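Since the structure comes first, as C-alpha cells, the remarks are kept for the end.
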Amino acid sequence: MKEVASTGSTEKISRARLIELLNEDLSREYQAIIAYIVYSQVLKGAEYMDIARELETHAGEELAHALLISKQVDYLGGMPTVMPQPVRTSEKPKDMLQFDLNNETETIRNYRLRVRQCETLGEYAIAEHIRQILVQEQEHQIDLATALGKDVPDAGMATEPK
Ligand SMILES: [Fe+2]
Ligand SMILES: [Fe+2]
C-alpha cells in the first residue's frame with residue numbers, strides 16, 4: 001500500500017474501498033441536488049434568470065447521477081449512503097454560483113480518479129457510467145464558470161488520501 005499520493009496510484013484498490021468511495025460520490029450528488037433545488041429558486045435578479053433556469057435542469061441531472069451511483073453501490077454489494085455532504089447557503093447570487101462551481105470541480109476531480117479505479121478492478125461498465133456522468137459534470141462546471149464570467153478551473157485528478 002505504499003503509493004505516492006501525488007500520482008493518484010490505483011494499484012491496490014479493493015472492491016470494499018470502491019464502495020466507500022462511490023458512497024462519497026453519492027453524498028456529493030445529494031449535496032448537488034439540494035443545492036441546485038434551493039439555489040435555482042432563490043437566485044434573484046434579471047441577470048441571473050437564465051442561469052437559475054439552467055440550475056433547475058442541473059437538479060434533475062444530479063438526481064439521475066445519484067440513482068446511477070446508488071445502483072453501482074448496490075451492484076457491488078454495498079448499501080447506498082443516505083447522507084448528503086453539507087450544503088452552504090448565502091444571500092448573494094455570486095456566492096451561490098461559486099459554491100456550485102467549487103463543488104462541481106471537486107466532483108470532477110473525484111470522478112476522474114474513480115474511472116481509473118474502476119478500470120483497475122476490471123469494472124469497465126461502472127467506469128463507462130461514470131464517464132457519462134463526467135461529461136455532464138463538466139457541462140455544469142462550464143455553465144457556472146460562464147455565469148460568473150470566469151475561466152473554467154482545471155479540476156485535475158483527485159488522489160487517494162493516505
Ligand atoms: Fe452529478
Ligand atoms: Fe453537476
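The values are calculated or read from the model by the stated rules, or taken from the named source; none is laboratory data. Bear in mind that the values here come from a model prediction, so they are computed numbers and not experimental data. When we count neighbours, we look across all protein chains shown, and the Cβ atoms used for this are built from the backbone with ideal geometry, even at glycine.
Sort out which residues of segment 138-162 are in a helix (DSSP H, G or I) and not hydrophobic (A, V, I, L, M, F, W, C), and write them in order of number.
If the condition is that a residue be in a helix (DSSP H, G or I) and not hydrophobic (A, V, I, L, M, F, W, C), then 138, 139, 140, 141, 143, 146 are the ones that fit.
Residues checked against (1) modelled with pLDDT under 95; (2) of a type in the set (Phe, Trp, Tyr); (3) surrounded by fewer than 16 Cβ atoms within 10 Å (Cβ to Cβ):
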position: 2; (1), (2), (3): yes, no, yes
position: 22; (1), (2), (3): no, no, no
position: 37; (1), (2), (3): no, no, no
position: 52; (1), (2), (3): no, no, no
position: 57; (1), (2), (3): no, no, yes
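Among the listed residues 108, 130, 126, identify the single one that is assigned to a helix (DSSP H, G or I), closer than 29 Å to residue 47 by Cα and of a type in the set (Val, Ile, Thr).
108
Within segment 82-90, is even one residue basic (Lys, Arg) and modelled with pLDDT under 95?
There is no residue in segment 82-90 that is basic (Lys, Arg) and modelled with pLDDT under 95.
Kindly evaluate residue 95 against the criterion of being among the charged types (D, E, K, R) and either without any contact (Cβ under 8 Å) to a residue 12 or more places away in the chain or away from ligand 1 (no atom under 16 Å from the Cβ) (or both).
Taking the combined requirement at face value, the residue satisfies it.
Of the residues 60, 78, only one is small (Gly, Ala, Ser) and not in a helix (DSSP H, G or I); which?
Criteria check complete, one pass: 78.
Looking at 115, 135 in this structure, which one is assigned to a helix (DSSP H, G or I), within 12 Å of the chain's Cα centre (by Cα) and without any contact (Cβ under 8 Å) to a residue 24 or more places away in the chain? Steps first, answer last, please.
Numbers: 115 fails: within 12 Å of the chain's Cα centre (by Cα).
The match here is 135.
Is there a residue in segment 47-55 that is assigned to a helix (DSSP H, G or I), within 19 Å of residue 86 (Cβ to Cβ) and among the charged types (D, E, K, R)?
Within segment 47-55, none of the residues are assigned to a helix (DSSP H, G or I), within 19 Å of residue 86 (Cβ to Cβ) and among the charged types (D, E, K, R).
Could you give me the residue pairs with C-beta distances under 6 Å whose first residue belongs to segment 59-74 and is within 12 Å of ligand 2 (Cβ to nearest atom), whose second residue is small (Gly, Ala, Ser) wherever it lies, and which are 6+ apart or on separate chains?
62/32
Only residues that are more than 16 Å from ligand 2 (Cβ to nearest atom) and not in a helix (DSSP H, G or I): list them for segment 81-105, please.
Initially, segment 81-105 is screened for residues more than 16 Å from ligand 2 (Cβ to nearest atom), giving 81-83, 86, 89-95.
Listed by number, the residues that qualify are 81, 82, 83, 86, 89, 90, 91, 92.
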